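Below is one structure; the comments refer to it alone.
The values are calculated or read from the model by the stated rules, or taken from the named source; none is laboratory data. Note that the structure is predicted; figures quoted are calculated from it, not measured. Cβ sites come from the backbone with ideal geometry, for glycine too, and all protein chains shown count toward neighbours. Heavy atoms of the whole protein, side chains included, go into the accessibility calculation; ligands, DNA and RNA do not. Shrake-Rupley method; radii C 1.70, N 1.55, O 1.52, S 1.80 Å.
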Amino acid sequence: MKSRYTRSTAQQCEIMKKFLPVKIKGHYKLRDIADAILWILRTGCQWRNLPECFPKWESVYYHFRKWGRDGTLSRLNAGLNMMERKRQGKGATPSMLSIDSQSVKAGPMTSESKGIDGNKKINGRKRHAITDTLGLVWGVVVGAANQADGAVAERVVEPLLGYLDRMEKILADHAYKKVFMEWVERTVIGLEVEISSCPPSSKGFVPVKWRWVTERTFGIFNFFRRLDKDYEKTPESQEYWVLWQNCQIILNRIE
């Protein structure tokens, strides 16, 4: 018997069809490929250990990579984000976002784009993500954990400039104060970067207004076993999993 995570509902499937190609390479259905990807995301299963109730792992992996590389996954993520924001009575695109990073340990087979975060003493990779005030992920870049937050931030924000026309403010901590703020002032007209951090004397986790939502999003990653560490050979695959996680969160809210 399949688990409750292995089959999308008819309504969820119809929504995904608006953004994912209906015609699939081979004789498989879109629903079967999407369900297999979401099952791996939730369980952390290795590609070659995908159960026989799903399409062959080679076909699932082919579409996972193809949709990530050609922008299909990004369009699905953005479309679902807009739909969820409207459902909650907000504008389709956000005016304020929050950017932050999360360092995670890398799996034993991971060697590409890997480094040591000296502050958090983590040997692995760093996820640089930007979310809105609902915690929805709008962009993500994964790289070595020793990369500076401010130097990578422009790669996270730049792809959003074309379609987030309401974006006015980005909240960030002091790691983004120099390089990233200079890039925004030099490149993007009308965009403000607001630096907000915990008081220096504070200990432990202290929620900072609106920026705590991004921290909550990082915490939710741990409920998806493919994201509890970075098991991917390439950082691009880890980026795709982060976006699929955001998509599944939204799809699960559809009745």
Subset tally (residues that are open to solvent by 70 Å² or more (accessible area, probe 1.4 Å) and in contact with a helix residue (DSSP H, G or I) (Cβ under 7 Å, 6 or more places away or on another chain)) for segment 178-200: 2
Residue in segment 107-139 that is nearest to R216 (Cα to Cα), counting only those that are part of a strand (DSSP E or B), open to solvent by 20 Å² or more (accessible area, probe 1.4 Å) and among the hydrophobic types (A, V, I, L, M, F, W, C): I122
Residue match in segment 96-104 (condition: surrounded by fewer than 17 Cβ atoms within 10 Å (Cβ to Cβ) and over 30 Å from K17 (Cβ atoms)): yes
Of all residues in segment 226-255 being assigned to a loop (DSSP other than H, G, I, E, B) and of a type in the set (D, E, K, R), the one that is farthest from S8 (Cα to Cα): K233
Selected residue (criterion: modelled with the lowest pLDDT) from residues of segment 205-245 that are among the basic types (K, R) and within 16 Å of S101 (Cα to Cα): R211
All positions within segment 43-56 that are surrounded by fewer than 19 Cβ atoms within 10 Å (Cβ to Cβ) and of a type outside the set (G, A, S): T43, C45, Q46, W47, R48, N49, P51, E52, C53, K56
Selection status of I122, β-branched (V, I, T) and under 22 Å from R211 (Cβ atoms): yes
All positions within segment 57-66 that are over 20 Å from R7 (Cα atoms) and open to solvent by less than 60 Å² (accessible area, probe 1.4 Å): R65
Some residue of segment 221-232 being open to solvent by less than 50 Å² (accessible area, probe 1.4 Å), of a type outside the set (G, A, S), within 11 Å of the chain's Cα centre (by Cα) and within 13 Å of A129 (Cα to Cα): yes
Options G71, G79; residue that is surrounded by 12 or more Cβ atoms within 10 Å (Cβ to Cβ) and either farther than 30 Å from G124 by Cα or out of contact with any Lys or Arg (no Cβ under 7 Å at 6 or more places or on another chain) (or both): G79
Pair list, Cβ < 7 Å and 6+ apart or interchain, from segment 204-232 residues that are closer than 19 Å to I37 by Cβ to residues that are at pLDDT 85 or above and polar (S, T, N, Q): F221/Q245; F224/Q245; R225/T43; L227/Q245; D228/N222; D230/Q238; E232/Q238
